[in-house]
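Reviewing the structure listed below.
Just so it is clear, none of the values below were taken in a lab; they were calculated from the coordinates. Note that the structure is a prediction, hence the values are computed from the model and not measured. Neighbour counts run over all protein chains shown; Cβ positions are idealised from the backbone, glycine included.
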Amino acid sequence: MDYRLENISKDDFERLVNMICQRILGTGVIEFAEGTDGGRDGRFTGTAEKFPSSKDCWKGKFIIQVKHASSPIASCSDSSFQNKIIKEEIPKLKTLKANNELDNYLLFTNRKYTGIKGIEIVNTIRKEVGIDNVEIIGKEVINSHLAQNKTIRDVFDLDKYTLPFEFTDSDLKELVINFKDEIRKSKTELKDGIKKIKSDFRFIDKDIKNEKNNLSKKFFDNVIKEYSLKYFSQIDDFLQNPINEELSETYQDLTMELNSIITIKREDFLTFEEIFVYLYDYVKERNEDLKGKKRFISIFFHYMYFNCDIGIK
């Protein structure tokens with residue numbers, strides 16, 4: 001479950017992290033306060049109640065920091081995040097370590113925690129600061145804590161942000177697989193289709209649609225128009241082919257279902273490209289056997305948008 005923590009303020013996120021820390025470290029957690037360097041952190045001294053586990057608990061002096069991001073697709077792999085840790089946070093941690101104020105460091109963020117880059121950052125902090133007990137706790141783990149604690153969710157009214165964005169993604173999977181097979185058979189037709197759709201393309205109609213749906217010109221030009229557009233004519237042929245009648249009906253059911261859900265949940269997303277990212281991740285994570293075909297997930301969603309099957313017309 002995604003509790004959309006980018007929708008709450010930085011101060012509320014700090015309070016939320018503090019409540020989680022009281023559960024995993026202890027009630028002695030000191031809330032986040034502004035330090036002499038202008039930064040904000042929480043502190044705890046003692047033996048953690050259940051971190052990293054109830055059997056092997058860290059102890060000593062804890063520094064707890066939070067990094068809140070306003071973007072739903074922010075990641076620990078983002079260079080801006082990594083640079084901030086290296087250039088701003090590590091020097092502060094070195095000072096705390098030199099003053100005997102730091103044994104354990106916990107960084108909470110609502111960013112997606114990516115394994116390789118996340119571990120690299122953790123190892124860099126360990127090496128540079130000279131402490132072993134370092135952990136970055138990303139949105140996945142925070143969401144897990146929230147799923148188990150309704151009290152915290154109620155305090156910040158987080159249930160209104162959850163995304164029960166369920167739809168029959170297995171139908172889309174079937175379309176993707178069949179279309180990929182079709183592409184292998186007709187590369188010449190695809191080239192002809194590119195010429196046709198480019199000549200038929202009416203920019204002004206899409207400009208108006210993009211404005212209504214808050215889809216950026218940059219995304220439309222650099223992603224949909226530049227990459228996905230070349231496949232649209234062939235998708236048309238694929239869905240209109242009598243052999244694919246059953247798949248075409250599946251497509252109609254899918255777009256009707258999906259557009260209804262998007263209409264209901266539209267205010268949970270700032271821009272329409274965020275919806276594309278969410279839908280791509282949703283299907284990809286539930287269909288691991290789409291290796292070699294994943295790009296067509298986005299292409300189909302872009303096609304649905306372009307054809308006004310989803311989004312405001």
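Key figures
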quantity: Vicinal HN-Hα couplings computed from phi for the stretch 214-231 (Karplus, 6.51 cos²θ - 1.76 cosθ + 1.60; Hz; Gly/Pro x); calculated: 6, 9, 5, 4, 4, 5, 5, 6, 8, 10, 5, 5, 6, 10, 7, 3, 5, 8
quantity: Reachable lysines from Lys313, criterion Cα separation under 21 angstrom, eight or more residues apart if same chain; calculated: Lys198, Lys206, Lys209, Lys212, Lys217, Lys218, Lys225, Lys265
quantity: Neighbour cut-off at most 13 other Cβ (10 Å), DSSP loop, trypsin sites (Lys or Arg not before Pro), the stretch 1-96; calculated: Lys55
quantity: With at most 14 other Cβ atoms within 10 Å, longest stretch of the chain clear of loop GluC sites (Glu not before Pro) (DSSP); calculated: 167-287
quantity: Coil-residue trypsin sites (Lys or Arg not before Pro) of the stretch 208-310, DSSP, other Cβ within 10 Å capped at 12; calculated: Lys291
quantity: D_trans [Stokes-Einstein, Kirkwood Rh over alpha-carbon pairs] for the chain, 25 °C, 0.890 mPa s, µm² s⁻¹; calculated: 110 µm²/s
quantity: Where only alpha carbons of the stretch 5-161 are counted, the Rg and the Dmax (Å); calculated: 14.8, 44
quantity: Karplus (6.51, -1.76, 1.60) ³J(HN,Hα), θ = phi - 60°, over the stretch 15-32, in Hz, Gly and Pro reported as x; calculated: 5, 4, 4, 4, 5, 5, 5, 4, 6, 9, 9, x, 6, x, 4, 8, 4, 5
quantity: Between 0 and 90°, nearest 10: helix 115-125 axis offset from the chain longest Cα axis; calculated: 30 degrees
